[in-house]
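Written below as structure tokens is the structure these notes are about.
All of the numbers you see were taken from the coordinates with simple rules; none came from a lab. Owing to the predicted nature of the structure, the values given are computational and were not obtained by experimental measurement. Don't worry about glycine lacking a Cβ; one is built from the backbone with ideal geometry, like all the others, and counts go over all protein chains shown.
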Ligand code: 5GP
Ligand code: MN
């Protein structure tokens, strides 16, 4: 049995909110990952089976590796259709905000979310939730929002509504937010949940293959190039990798091609912090990972307008690649 997660008061309130709602909208963070998409699709599946009218709206496009999830292509992309999405959000009576802790994380959608009249429920696992929601269900100790959603569904005795598609979505989020259960993954409830999800007929090996181990020649070459030519090991066990737009274009970069790259240097003995800088148009996307007691979310928030988890965070730098790297190098001593 999975242990209960939310308090009795949260359970009562959430039950009432779900009971009353008709038009539900589920939203998640920009650059949606497996956890954002997985938790959203699972919640939509369950609520739809309960007779609710449910839409999922994401700020921008899904990574290709996640499109296999049932219902992923029905997700509305705000960036592509703002007018329709604004309508959908404005018509919602209940708005679930999944896998993010502050309005800034939904990018262009921020105003629509903050101003929506709907009752807002946050379900998330990032520290320091800001108070833009009416009900805040925030459990930073949980490894993924997908596990949190599954635990809540189970606690509300709605788990009979979890079929194979919902189970696949939950498993995908649990897997991606733990690097296929290689970090943040010592909670025994994770494996109780997986066992229950397997009973719904999911093929976890196939999901791993589709999401984490599907490559193209260009993707493999780009990642090899990044490690062999662009990785720099700094003092104090910090690895940095930079990829400029020109380099990305040279390997016909597609969204998601550098997923997981930032984790690679952590396998090197003595490396505790890994930072990957990817040049986007007008800014540099920064991904940070660490092992043990190195809180990279502090670096993300202090230097790169970002945040995240202690061992996995991200942010953005509005300036050149060399300034982004320089900023870290100038502050390196503070963080090692
Ligand atoms: P990734 O490096 O995979 O883009 O992000 C890793 C984690 O860092 C995400 O799950 C999210 O928690 C956090 N994160 C990534 N980018 C940002 C950002 O721009 N702002 C904040 N606050 N968190 C971010
Ligand atoms: Mn997450």
Ranked on Cβ counts within 10 Å of their own Cβ, fewest leading, 157, 40 go 157, 40
Expected sort for 298, 170, 217, 202 with the fewest Cβ neighbours (10 Å cutoff) up front is 217, 298, 202, 170
Among beta bridges assigned by DSSP with both residues in the chain, the antiparallel ones amount in percent, to the nearest 5, to 45
Computed from every Cα-Cα pair in the stretch 196-336, P(r) in 5 Å bins starting at 0 and rounded to whole percents is 2, 10, 19, 21, 19, 13, 8, 4, 3, 1, 0
dims of the chain, Cα set, principal axes, largest to smallest, nearest Å -> 55, 41, 38
At the level of C-alpha centres, the distance separating the stretch 273-336 and the stretch 143-173, in angstrom, is 32
Counted neighbours (other Cβ, 10 Å), sorted fewest up, put 328, 318 in the order 318, 328
Distance in Å, no decimals, from the C-alpha centre of the stretch 246-262 to the one of the stretch 31-104 is 25
With Cα springs under 10 Å, the Gaussian network model of the chain assigns the largest mean-square fluctuation among 25, 114, 286 to 114
Relative to the chain, whose Cα atoms define the longest principal axis, helix 145-155 and its Cα axis are tilted in degrees, nearest 10, by 20
